[in-house]
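Following: one structure in structure tokens, then a few remarks.
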């Protein structure tokens, strides 16, 4: 299993990156946000999901561990394969997508390319209780540009690195002020 790749972005095409890792180029399919942020010639670290089928193998990459865990949950839903999961994660930042699922917003999920109303509703039904509680943000946060979103994401990442699953990490952060530093938020979550 390839857990992550770290190397220089050599090429970008059709939603994929070629990442050169010590002379070996890995083709990694990424969500739209990660694709846009990746710059040719710069180093990048991507957490990866190695998808093996009878006829092919593909690497799917994510800039955050939380995005990878959400991807892994999405592909457990009947009718959602890796490409559809990447399409869902391409709508917005992974925390915004997770929050939409937790809030039962099927219309938001259905905005993904190739995802119809029925599949979006199935995603909500299957994952609503697995992604944690919805977090309440002001309107500026829903665009993915707020500082509180960034703190929440970093604290969520830290808790997941400590062994929490996505739902438990989200629940642990519920009610902790988002204006605190990441370290303070994680400390308070661990005490709770």
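Across bins of 5 angstrom width beginning at 0, how are the C-alpha pair distances of the chain distributed, in whole percent?
Spelled out bin by bin, the chain gives 1, 8, 16, 19, 19, 17, 12, 6, 2, 0 percent.
With each label point set 7 Å from Cα along the Cα-Cβ vector, what nm distance links residue 180 and residue 13?
4.9 nm
How far is helix 65-74 tilted off the main Cα axis of the chain, in degrees rounded to 10, range 0 to 90?
Orientation of helix 65-74: about 90 degrees from the principal axis.
In whole Å, what three semi-axes, largest first, describe the equivalent ellipsoid of segment 4-62 built from its Cα gyration tensor (square root of 5 times each eigenvalue)?
Square roots of five times the eigenvalues give 18, 13, 10 Å.
Given points 7 Å out from each Cα along the Cα-Cβ axis, report the residue 22 to residue 192 separation in nanometres with one decimal.
The modelled label-to-label distance comes out at 4.1 nm.
With just the Cα atoms defining each centre, how far is segment 85-120 from segment 160-192? Give it in Å.
Using only Cα atoms to place each centre, the spacing works out to 24 Å.
Between residue 6 and residue 129, what is the label-to-label distance in nm when each label sits 7 Å out along the Cα-to-Cβ direction?
Distance between the two pseudo-spin positions: 3.9 nm.
Cα-based Rg of segment 66-127 per 2.2 N^0.38 Å, rounded to two decimals?
The value comes to 0.91.
Quick one: angle between helix 147-161 and the longest Cα principal axis of the chain, in degrees between 0 and 90, rounded to 10, please.
Value to nearest ten degrees: 70.
Suppose R0 equals 25 Å. What FRET efficiency, 1/(1 + (r/R0)^6) with r the Cβ-Cβ distance, do residue 105 and residue 37 give to the nearest 0.05?
FRET efficiency, residue 105 to residue 37: 0.50.
For the chain, what does the relative contact order come out to in percent, with C-alpha contacts under 8 Å and a separation of six or more?
Dividing the mean separation by the residue count of the chain yields 14 percent.
Any read-out appearing in this document is the output of simple, stated calculations on the displayed coordinates, not a laboratory observation. Computed from a prediction, not measured in an experiment: that's the story for all the values here. Don't worry about glycine lacking a Cβ; one is built from the backbone with ideal geometry, like all the others, and counts go over all protein chains shown.
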